[in-house]
Amino acid sequence: MESLIHHFKLVTEGFRVPAGQVYSAVESPRGELGAHVVSDGGTRPYRVHFREPSFNNLQSTSAMCEGSMVADIIGAVASIDPVMGGVDR
């Protein structure tokens, strides 16, 4: 019973993390997927920012299409294979 009460309190209240910030990265198929979390010492993060690799990869489109025709933009974007949901975020 004590274990159940402890689990319930942990789920409802959360656990306190030390104040500070951390950046953690994971290698994904399209590049580095990172998360920057800032904590003020409470049970919820103060700020969270995700770094999507597709957004940075899509910025290279202008350099790839320089000197080409408009129809070549489709091939340039397709070669990057971006996830537009991550770009929109």
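Below is a table of values for the structure above.
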| read-out | value |
| --- | --- |
| Unmet requirement for His36, which otherwise passes all of (1) touching a strand residue (DSSP E or B) at 6+ places or on another chain (Cβ under 8 Å); (2) assigned by TED's automatic domain parsing to the domain that holds Gly86 | (2) |
| Some residue of segment 22-37 being surrounded by fewer than 13 Cβ atoms within 10 Å (Cβ to Cβ) and more than 23 Å from Asp88 (Cα to Cα) | yes |
| Test: residue in segment 11-31 that is at pLDDT below 90, out of contact with any Phe, Trp or Tyr (no Cβ under 9 Å at 6 or more places or on another chain) and aromatic (Phe, Trp, Tyr) | yes |
| Subset of segment 43-89 (residues that are out of contact with any Ser or Thr (no Cβ under 9 Å at 6 or more places or on another chain), outside the structural domain of Gly31 (by TED's automatic domain parsing), among the β-branched types (Val, Ile, Thr) and part of a loop (DSSP other than H, G, I, E, B)) | Val70 |
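The values are calculated or read from the model by the stated rules, or taken from the named source; none is laboratory data. Please read these numbers as outputs of a predicted model, since none were measured by experiment. All Cβ positions, glycine included, derive from the backbone under ideal geometry; neighbour counts span all protein chains shown.
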